[in-house]
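Working notes, structure below.
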Amino acid sequence: MGVKSILTADQFSRKDLDLILEKTRQIEDLLKTRKQLHVLKEHILATMFFEPSTRTRLSFESAMHRLGGQVITAVGMQFSSLAKGETLFDTLKVLESYADICAIRHPVEGASLVAAKSISIPVINAGDGAGEHPTQAILDLYTISAYKNIQGKKIVVGFVGDIKYGRTIHSLIKLLSKYQASFVFISPPEIGLPEKYIEELNKAKITFTETSDIEALRECDVGYITRIQEERFLEHATYENFKNLYVINKKFLKTCRDDIIIMHPLPRLSEVSTDIDAMPQAVYFKQAEYGLYSRMSLLLYVTNRLDEIN
Amino acid sequence: MGVKSILTADQFSRKDLDLILEKTRQIEDLLKTRKQLHVLKEHILATMFFEPSTRTRLSFESAMHRLGGQVITAVGMQFSSLAKGETLFDTLKVLESYADICAIRHPVEGASLVAAKSISIPVINAGDGAGEHPTQAILDLYTISAYKNIQGKKIVVGFVGDIKYGRTIHSLIKLLSKYQASFVFISPPEIGLPEKYIEELNKAKITFTETSDIEALRECDVGYITRIQEERFLEHATYENFKNLYVINKKFLKTCRDDIIIMHPLPRLSEVSTDIDAMPQAVYFKQAEYGLYSRMSLLLYVTNRLDEIN
Amino acid sequence: MGVKSILTADQFSRKDLDLILEKTRQIEDLLKTRKQLHVLKEHILATMFFEPSTRTRLSFESAMHRLGGQVITAVGMQFSSLAKGETLFDTLKVLESYADICAIRHPVEGASLVAAKSISIPVINAGDGAGEHPTQAILDLYTISAYKNIQGKKIVVGFVGDIKYGRTIHSLIKLLSKYQASFVFISPPEIGLPEKYIEELNKAKITFTETSDIEALRECDVGYITRIQEERFLEHATYENFKNLYVINKKFLKTCRDDIIIMHPLPRLSEVSTDIDAMPQAVYFKQAEYGLYSRMSLLLYVTNRLDEIN
C-alpha cells in the first residue's frame, strides 16, 4: 500500500509511540495560545461513520479543523448505498479523490482493513466492532503519560469492569506493554481477560493479576473503568451484585492511593459516580480533551507531517 | 461562569439590545458587498441539535461560515450516546475543547441552562422545548426595527394564533417590553396568554388587549402570526372554525393599515396565504434572512467581538 | 430568473459542453499538483438532500472544498420542516441568504425547477426522481471524452440494462446527441427505450439500434451498464434470465473490442463482475473520480467563474 494508515494498536513501535506522545504534548501546548495550526490547510478529512459515535466523530472533525483542514462526513450510511447492496469496497473506493484522509467507524471487525486495502489514501480506524479502536488507545496512553512518568518507573494499571469485550482495554494493554507497566484486571469471572491476551502477557513476561475484588484497585496508579452490560450475565442477580460493587465514588476513592487517576472511555453510567467529578483524581473529561490533541497528532502521523510541529 | 451565554430573552438589557440591533444592521450592510467577514476566523461552532430544526441549524452554520469560522454538527443525537443512557452534562462536557461556541437545540425546557453550567465555552440556546428561543426573539426584534422606528414612537404589535404555547411570542414580548410597544393578543380563548405573562405585563404597566376577533389586527403596526394546532382543542369544530377565521390573505390585508408588516416564525401552513407572498407587507422571508445577520451578531456577542464590526 | 442554474441536460449547447469539458480537464490537471483552487473562497454551498445519496453529496461537498468554499448540508429533511407540512418553496426560500449555491436532490420529478423558481441563487439539480440527473450526465460525458476522441470520429455507445427507467441514460443520450455518436440499446423488451426518446432520436437523425442481445456490446466503443431491478418484471424467471445474461465479466470482456471502456453510474451489483475491476477497460471508479472535477467545473459554471480556470 505504501500509504500510512492506523488500523491497530499493534502497529506502533515504542519509538512511534514516544514520538506521537511528544508531538501530542507540543500540540496541547500550542493550542493554549492559538485556536488553529495550519499544517493540514487545504486537506479534506472524510469521516465515514457506519454506526453512530458522536463523541469520536466530533473529536476527529474538530481535530481536522484545528489543523486548518476541511471535513466531509457521512453518518447512518446503512440507509444509503449499502442498503442498495453495494460492497464496502465500492462505497469507499470513490473517496480516494474526494478526500485526503478517511476515518472510518464500522460495526464489523476488520472493516478498516478492508477500507485500507480499497483506497489509496490513509485510513484511520475509528472503531470496528469487536475489533480495535487504536486512536482511543493512543489518547488513553497520552492521558496516562500526562499524569504519570511512564518513561521512568513502573506503573500499576487497574482495569475494572468488562475486561472480556472491552476493545479499548485490549488496545491499551498492547500499547502499555511497550512501557514499564503491570496490570490488575478486576472483573466478574464471566467477563475476565480472554485467554489469548493472557498468553500474550505471559509470553512478554508482563506481570498481571486477575481478581473479582474491587479492593485490588487501591494500590493502583491508574484505574481504568468500563461499563458492565447486563446481557453478559446469565443471572440478573449476579449482574446486580457486581454493578453495585463496582462503583467508584468519593467514599471508595478515599481508600485508594492519593495520586490514583480514574479514567473512563465514556459514556459512563453509574460505575463512576458524579460525586467524584470535581476531584483531581477524576480525569475522564480531561481524557476526552486529550482525544483532540491525540487525534490531531495522528492526522499528522498518517500524512507524514508530524515534524512540522515543534 | 464568567462566560457569556445566550439562554433567555430576559437576560438582555435595553442597552444590550440596542447595541445588538445596531451591529446587526452594520453586518447586513457589510454583507451587501462582501460574502464573508473574518472576525471568527479559526473559531469552531458546534451545533448540537437534539431535535431537528433544519432552518435554525443552517442559519447558525451559515452565520458562522460568513464570519470566517468552521462548524461541527450533531443532529439526531437521541440515537447515539444519549440512547446509551449518558447524561446531557457528560455528552456536552467534551465540547469544551472541541469547539469555541455551542448552539444547542433540545426538546426539554432548561436544557440550555444545563449546557451552560456543564461547559466553559459560550452556549447559545437555539430553542429548548416549551422554554425559550432567544435568538428567534432577537431576529424578530431586528425585523420589526428594520421596518418600524422602535426607538421613537409607540408601536402596536398584534400576536395571532397560539398565544399560550408559542414560545417565540413569549420571548418577543419580553424584548418588546423594553421598548415603546403595546400588544394585541388575538387567539381562541383556549390558547390565550398564560396568567404569568398577564401579571408581568400588568406589573410593567404595559398596555395590552386580549380578543378572539381577528379584526383587531387591522389597527396594528405589526402582525405576528403563528400556527394553531388541532391538538390544543377538545372539539374538532372549534379548531376548524378558528383555523378558517385566522387566515391572513390578500382580501384581509386590504382591510388593514397600509403599512402593517406580517411576520411569521415559519414554517407556515394555511394561516398565511401564499397570495400575499409578493406583497410588501409580507416580511416573513425577510425575517428569516434577518436571522442570518442577527445570529452573526449573537455569535460575536458571546465571543466579545461585537466591537470589531464597524 | 437571470441566475444560471443546472436543471436539465437539455439546457447545454454544444459550445457550453465543449467549454465545460475543457475546463474540467484543466481542473483535473491543476489538482495533480495542488489540493485546492481558491476560486470560490468565501462562498457557501448548501447541499439539500431530500433523499439519501451519499456518493453524490460527498462529491459536491468535496468539489466545493477543493474550490476553497464552505458547505452547509441537510439530509433526511423529510423528518424536519417538511414533516410539519411546509412546502418546498418555503423550505428553500430562506437559503437565498444562507448560501450562494444550492444543490438539491429530491424524490419528486421537477423539484429542482421549483427550487430554481423559489430562490434567487443558482440551483443545481442533483437528481430529481424519475426526472433528470444532469451533473451525472456531464461527468459521464467527461469520462467518455477522457478515453475517446468525441470531437473527431463517430463513436458507438452501448447502453445495457434498464433503458426505460435509467435517468442517467436519458440525460447522457441528450448530451451525446450533440456529438458524433450512435447508440446501441441492449435491454429486455420490458425495459427498453421509451417511445419519446425514440422519436427524438429519429427526428435528430441519430443512428441507433435496439436489441435484447448482450452480444451487441462487442462492437461498441463504450459500454454503459446499469442495474436491472426485479420489480420491473412480471415474472421472476424473466428477471433471473436477463440478470444472468447481462453480466460483464472477464470472459465476456475478452470477446469485446480491446479498447472498449466499461462505465457504470454506481452502485453496481452483480451486473459488473469485480473480476474486471483491475482491467484497463473498467473505468467506473475513474468515472466517480471525474465526478469531482466535473462538479467543480459546474459549480464554477453557475457562478460565472469558469474563466478563472486556465
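Rule-based calculations on the coordinates, nothing more; no lab input. Source: prediction; values computed, not measured. For neighbour counting, all protein chains shown are included, and Cβ atoms are generated from backbone atoms with ideal geometry for every residue, glycine included.
Give the aspartates and glutamates reachable from residue A:148 as a straight Cα distance under 15 Å; neighbours fewer than 8 places away on the same chain don't count.
Partners found: A:18, A:22, A:140, A:219, A:221, A:258, A:259.
Each residue of the stretch A:173-180 in order: what ³J(HN,Hα) in whole Hz does its phi give by Karplus 6.51 cos²θ - 1.76 cosθ + 1.60, θ = phi - 60°, with x for Gly and Pro?
Computed from phi, the couplings for the stretch A:173-180 are 4, 4, 5, 5, 4, 8, 10, 7 Hz.
Which links in B:286/C:4; A:117/A:203; A:205/A:243; A:93/C:196 stretch past 27 Å when you go from one Cα to the other? Can you show the working numbers first?
Numbers: B:286/C:4 23 Å; A:117/A:203 31 Å; A:205/A:243 32 Å; A:93/C:196 36 Å.
Exceeds cut-off: A:117/A:203; A:205/A:243; A:93/C:196.
Would you please give the residues with an amide H less than 5 Å from that of residue C:132, counting only those at least 5 places away or on a separate chain, with H modeled from the backbone geometry?
C:110
Loop-only check: which trypsin sites (Lys or Arg not before Pro) in the stretch C:69-162 are DSSP coil with at most 14 other Cβ within 10 angstrom?
Values: sites: C:84, C:93, C:105, C:117, C:148, C:153, C:154; in loops: C:148, C:153, C:154.
Passing sites in the stretch C:69-162 are C:153, C:154.
Jot down the per residue volume, in cubic angstrom and as a whole number, of the convex hull over the alpha-carbon atoms of chain C.
Details: hull volume 43.5 nm³, N = 310.
Convex hull of Cα atoms, per residue: 140 Å³.
Would you mind giving the average projected area, over all directions, of the Cα convex hull of the protein assembly as shown in nm² with one decimal? Before the final figure, lay out the partial values.
On the way: hull surface 173.8 nm².
Quarter of the Cα hull surface area: 43.5 nm².
For the stretch A:238-277, what size does the Cα cloud have along each of its three principal axes, sorted from largest down, in whole Å?
Rounded to whole Å, the extents work out to 31, 22, 15 Å.
Using the 7 Å Cα-to-Cβ label point, sort the distances from residue B:120 to its equivalents in the other copies shortest first and give them in nm to one decimal.
For residue B:120, the inter-copy label distances come out at 4.6, 4.6 nm.
Once you have all Cα-Cα distances for the stretch C:199-301, histogram them in 10 Å bins from zero and send the whole-percent values.
Binned Cα distances yield the sequence 13, 36, 33, 17, 1.
Can you list, largest first and rounded to whole Å, the semi-axes you get for the stretch A:135-287 by taking the square root of 5 times each eigenvalue of its Cα gyration tensor? List each step's numbers first, then the result.
Details: eigenvalues 95, 79, 36 Å².
Working from the Cα gyration tensor, I get semi-axes of 22, 20, 13 Å.
What list of ³J(HN,Hα) values in whole Hz, one per residue of the stretch A:94-109 in order, does the Karplus curve 6.51 cos²θ - 1.76 cosθ + 1.60 (θ = phi - 60°) give from phi, with Gly and Pro shown as x?
Along the stretch A:94-109, the couplings run 5, 5, 3, 9, 7, 9, 9, 9, 10, 9, 10, 10, 8, x, 9, 4 Hz.
What list do you get for B:236, C:133, C:38, A:106 if you sort them by fewest beta carbons within 10 Å? Let's see the in-between values first.
Values: B:236 9, C:133 28, C:38 12, A:106 22.
Final ranking by Cβ density, sparse to dense: B:236, C:38, A:106, C:133.
Pull up all non-local amide H partners of residue B:262: gap of 5 or more, or a different chain, and H-to-H distance under 5 Å with H placed in the peptide plane.
B:223, B:282, B:283
Calculate the translational D of the stretch B:81-147 in whole µm² s⁻¹ from Stokes-Einstein, where the hydrodynamic radius comes from the Kirkwood formula applied to all Cα pairs, the temperature is 20 °C and the viscosity 1.002 mPa s.
Working: Rh = 12.9 Å.
Here the translational diffusion coefficient equals 166 µm²/s.
Along the stretch A:152-157, what does the Karplus equation 6.51 cos²θ - 1.76 cosθ + 1.60 (θ = phi - 60°) give for ³J(HN,Hα), rounded to whole Hz, x for Gly and Pro?
Those phi angles translate into x, 6, 6, 10, 10, 10 Hz.
Label-to-label distances across copies for residue B:16, with labels 7 Å out along Cα→Cβ, in nm, shortest first?
5.1, 5.1
How far is residue A:247 from itself in the other copies, in nm, if each label sits 7 Å out from Cα along the Cα-Cβ line, shortest first?
6.0, 6.1
Taking the Cα centre of the protein assembly as shown as origin and charging only Cβ (+1 Lys, Arg; -1 Asp, Glu), how large is the dipole, in debye to the nearest 20?
On the way: 114 positive and 117 negative charges, 491 e Å.
About 2360 debye.
Just B:186, B:150, B:198 to compare: in a GNM of chain B, with alpha carbon springs under 10 Å, which one fluctuates most?
Looking only at B:186, B:150, B:198, the biggest GNM fluctuation is shown by B:198.
Do me a favour and compute the ellipsoid semi-axes for the stretch B:48-198 from its Cα gyration tensor, root of five times each eigenvalue, largest one first, whole Å. Each step should come with its number before you reach the end.
Values: eigenvalues 202, 75, 32 Å².
Equivalent ellipsoid semi-axes, largest first: 32, 19, 13 Å.
Return the calculated 222 nm mean residue ellipticity for the protein assembly as shown, to the nearest 500 deg cm²/dmol, obtained by summing -39500 (n - 2.57) across DSSP H runs with n ≥ 4 and dividing by the residue count.
Working: 33 runs with 342 residues, N = 930.
For the protein assembly as shown, the value works out to -11000 deg cm²/dmol.
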